[in-house]
Amino acid sequence: MRASRRSIMPALFRRARSLAARDGGQAMVEMALGLLLLLFVVFGILIFGILLNNYIELTNAVAMGNRMITQDRGATDPCNDAAVQIQRAAPFMPTSGMTISYTFYDTDGTTVKGAASGTSCTAQATNLVAGGSVKLQISYPCNLNVLGNNYWSACTLIARSTESIQ
C-alpha cells in the first residue's frame, strides 16, 4: 500500500502545477484588459486637459486683447495693438489660425457703430468713444494632437468678451 500512495502524490502535484499554470494565463489576460482600459482613461484625461488648457489660454487672450483695445482709443489702429496683445497672451496659439472679430457699440450699449475682423480696424478707430463698448470674439480650431493624431479635428473653441471703452 505504501507504494501506491507514493505514486499517487506525484501525480496530484503534477495536476496541481498544470492547473496553476493555466491560471497564470488568465491573470495575464485580465491584466492586459485592465491596462487597456486604464490606457483609454489616461488618454481621455490627457486630451481633456489639452482642450481645457487651450480654452483657458484663449479666454485669457480675449480678455487681454479686449482690455488693450478699450484702453487704446487714441491709437491709429487699436485692433492691431489688440492682436499683438492676444499673441503675447497666447504664445502657443498662432494668430494665423484665429478668427478675430470686433463689434463696436455706442454709449447706449445697443446701437452697433461698426464691426471689424482680423488684425486691423483703422476705419473703426473713430468709433471708440468713451462710454461705448467693444465686443471681441475669437474662434480657434482645437489642437488635440497626442502621439501624432488629432483626436477631434472638428472642434472649434470660441471665446467672447465685452468691455466698456475708457
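The values are calculated or read from the model by the stated rules, or taken from the named source; none is laboratory data. Just so you know, these numbers come straight off a predicted model, no measurement behind them. For neighbour counting, all protein chains shown are included, and Cβ atoms are generated from backbone atoms with ideal geometry for every residue, glycine included.
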Of residues in the range 117-166 being aromatic (Phe, Trp, Tyr) and assigned to a loop (DSSP other than H, G, I, E, B), the one farthest from ASN66 (Cα to Cα) = TYR151
If we keep only residues of the range 118-153 that are surrounded by fewer than 16 Cβ atoms within 10 Å (Cβ to Cβ) and under 19 Å from THR107 (Cα atoms), then the residue modelled with the highest pLDDT is GLY131
Any idea which of GLY114, GLY49, GLY74 is outside any helix (DSSP H, G or I), loosely packed, with under 14 Cβ neighbours inside 10 Å and not hydrophobic (A, V, I, L, M, F, W, C)?
-> GLY74
Mind checking whether some residue in the range 88-101 is farther than 27 Å from CYS155 by Cβ and touching a strand residue (DSSP E or B) at 6+ places or on another chain (Cβ under 7 Å)?
-> no
Matching entry among ALA11, ALA61, ALA27, ALA75 (being at pLDDT below 85 and within 30 Å of SER161 (Cα to Cα)) | ALA75
In the range 86-102, what count of residues is obtained for those that are out of contact with any Ser or Thr (no Cβ under 8 Å at 6 or more places or on another chain) and surrounded by fewer than 19 Cβ atoms within 10 Å (Cβ to Cβ)?
-> 6
Within 30 Å of ASN149 (Cβ to Cβ), hydrophobic (A, V, I, L, M, F, W, C) and touching a residue at least 24 places away in the same chain (Cβ under 8 Å) - does that describe any residue in the range 59-78?
-> yes
Would a scan of the range 85-96 turn up a residue that is in contact with a helix residue (DSSP H, G or I) (Cβ under 9 Å, 6 or more places away or on another chain) and either touching a residue at least 40 places away in the same chain (Cβ under 8 Å) or of a type in the set (Asp, Glu) (or both)?
-> yes
